[in-house]
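Working notes for the structure below.
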Amino acid sequence: MTVAALAGLWYNRVSPQTIAIYMTPDEFRHRVLPTVLASWERGCFCRTPGFLKLVSFKFEDYGVAPMAVVDSEILIAEIIGKRFPREGQLTYGVAERVQAYRCPQCNARCQATYEDYSISMYRSFVLFENAPEKASTGIYLVGLYGPNLVAFPKVHDFRLAVDEAEFLSALIGLSHT
């Protein structure tokens, strides 16, 4: 990995201990996110199995140290955080902050949990109420990050997309042109 790529990961609050990078977070924001957001404007993803799987990633489900999926973090910030109205007050737990949101398109309610572990390690996940079944496998383009590379293989139901088209198809059912 080049010095510029490492600097980009630091800028994007992503540890260089990432696995299976197809693209950097900055490339994801410039090449893929506009297509995802344009698709969201035409119809939400609240009942889309691939989206539900990706944004609901919780490292606790695998019995491993803190880790996150970069793609998920970006999508939660850009779709849930910026486009869903908040419901109620932000609540604080021991290590987490929890905020309820409601989709402005379909009225689905979800709860986002945000946790900081260090200056360069944070994670968030979103769980939707009354959601359909999630996809059996989560697909990502940027990858997992966290302090313990050894734990990454334990995440058996997420994998690197072959390309942007596969990611978009899994996430929102779109063919990338």
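Quick notes on this structure:
- Residue that is nearest to L33 (Cα to Cα), among those in region 144-168 that are touching a helix residue (DSSP H, G or I) at 6+ places or on another chain (Cβ under 9 Å) and surrounded by fewer than 16 Cβ atoms within 10 Å (Cβ to Cβ): D157
- Counted as qualifying within region 1-84 are the helices (runs of 4 or more DSSP H) with 3 or more residues that are modelled with pLDDT of 90 or more, in contact with a helix residue (DSSP H, G or I) (Cβ under 7 Å, 6 or more places away or on another chain) and surrounded by 21 or more Cβ atoms within 10 Å (Cβ to Cβ), namely 49-55, 70-75.
- Selection status of L90, more than 25 Å from H156 (Cβ to Cβ), within 16 Å of the chain's Cα centre (by Cα), surrounded by fewer than 17 Cβ atoms within 10 Å (Cβ to Cβ) and not acidic (D, E): no
- Hits in region 107-130 - residues which are more than 17 Å from the chain's Cα centre (by Cα) and either buried (at least 18 other Cβ atoms within 10 Å of the Cβ) or in contact (Cβ under 8 Å) with a residue 60 or more places away in the chain (or both): A108
- Residue in region 144-160 that is touching a strand residue (DSSP E or B) at 6+ places or on another chain (Cβ under 6 Å), at pLDDT below 90 and not aromatic (F, W, Y) present: yes
The values are calculated or read from the model by the stated rules, or taken from the named source; none is laboratory data. Since we're looking at a predicted model, the values are computed, not measured. Every residue, glycine among them, receives a Cβ derived from its backbone with ideal geometry; neighbour counts consider all protein chains shown.
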